[in-house]
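I have placed the structure first, in the form of structure tokens, so that the comments after it can refer back to it.
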Amino acid sequence: MLVVHAAFPIAAEHHERATELIRELAEDSRKEEGIIEYRVATDVDDENLFRFFEQYEDEEAVESHTQTDHYQEFEAALPDLLSGEPEILRFDINSVSELEL
């Protein structure tokens, strides 16, 4: 499994447009084969910082995702929406287990 965590700082004046694009991206992405989980949230300390949490079955699923229309539309719009540098981290996971609280 592959996990991607990305944080995108969005300019306040583009918040509404970014939210619309991100919502569409997330909804369409969750329908893709090979995507286990695809969630986006705003940071509790900064409503203009969007955090993506993505889980993929394998590298093929990641590559397929980047070729979709909804991903490419978001990627094309992103430079005009940003207020700073995004941070994107990829994790290659060998095993997963639930933790009890």
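The values are calculated or read from the model by the stated rules, or taken from the named source; none is laboratory data. If you're wondering where the values come from, they're calculated on a predicted model, not measured in any experiment. Here Cβ is always computed from backbone atoms with ideal geometry, including for glycine, and neighbour counts include all displayed protein chains. Side chains included, ligands, DNA and RNA excluded: accessible areas come from the protein's heavy atoms. Shrake-Rupley method; radii C 1.70, N 1.55, O 1.52, S 1.80 Å.
Filter the stretch 57-95 down to the residues that are aromatic (Phe, Trp, Tyr) and either part of a loop (DSSP other than H, G, I, E, B) or under 29 Å from His14 (Cα atoms) (or both), then identify the one that is least open to solvent (accessible area, probe 1.4 Å).
Step one: filter the stretch 57-95 for residues aromatic (Phe, Trp, Tyr), giving 71, 74, 91.
Next, from what is left, pick out any that are either part of a loop (DSSP other than H, G, I, E, B) or under 29 Å from His14 (Cα atoms) (or both): 71, 74.
Values: Tyr71: 54, Phe74: 13 Å².
If we take residues in the stretch 57-95 being aromatic (Phe, Trp, Tyr) and either part of a loop (DSSP other than H, G, I, E, B) or under 29 Å from His14 (Cα atoms) (or both), then Phe74 is least open to solvent (accessible area, probe 1.4 Å).
Among the residues making up the stretch 14-39, those that are in contact with an Asp or Glu (Cβ under 9 Å, 6 or more places away or on another chain) and open to solvent by less than 90 Å² (accessible area, probe 1.4 Å) are His14, His15, Leu21, Glu24, Leu25, Asp28, Ser29, Gly34, Ile35, Ile36, Glu37, Tyr38. Here's a check for you: in the stretch 17-76, which residue that is over 12 Å from the mean Cα position of the chain (by Cα) and among the basic types (Lys, Arg) is farthest from Leu2 (Cα to Cα)? Residue satisfying both the conditions and the ranking: Arg17.
For Ala11, are the conditions met, namely being open to solvent by less than 80 Å² (accessible area, probe 1.4 Å) and out of contact with any strand residue (DSSP E or B) (no Cβ under 6 Å at 6 or more places or on another chain)? Full working, then the answer.
Working: open to solvent by less than 80 Å² (accessible area, probe 1.4 Å): yes; out of contact with any strand residue (DSSP E or B) (no Cβ under 6 Å at 6 or more places or on another chain): yes.
Yes; evaluated as a whole, the condition is true for this residue.
The residues listed here are Glu54, Glu98; of these, the one that is open to solvent by 90 Å² or more (accessible area, probe 1.4 Å) and either closer than 18 Å to Glu37 by Cβ or at pLDDT below 95 (or both) is Glu98.
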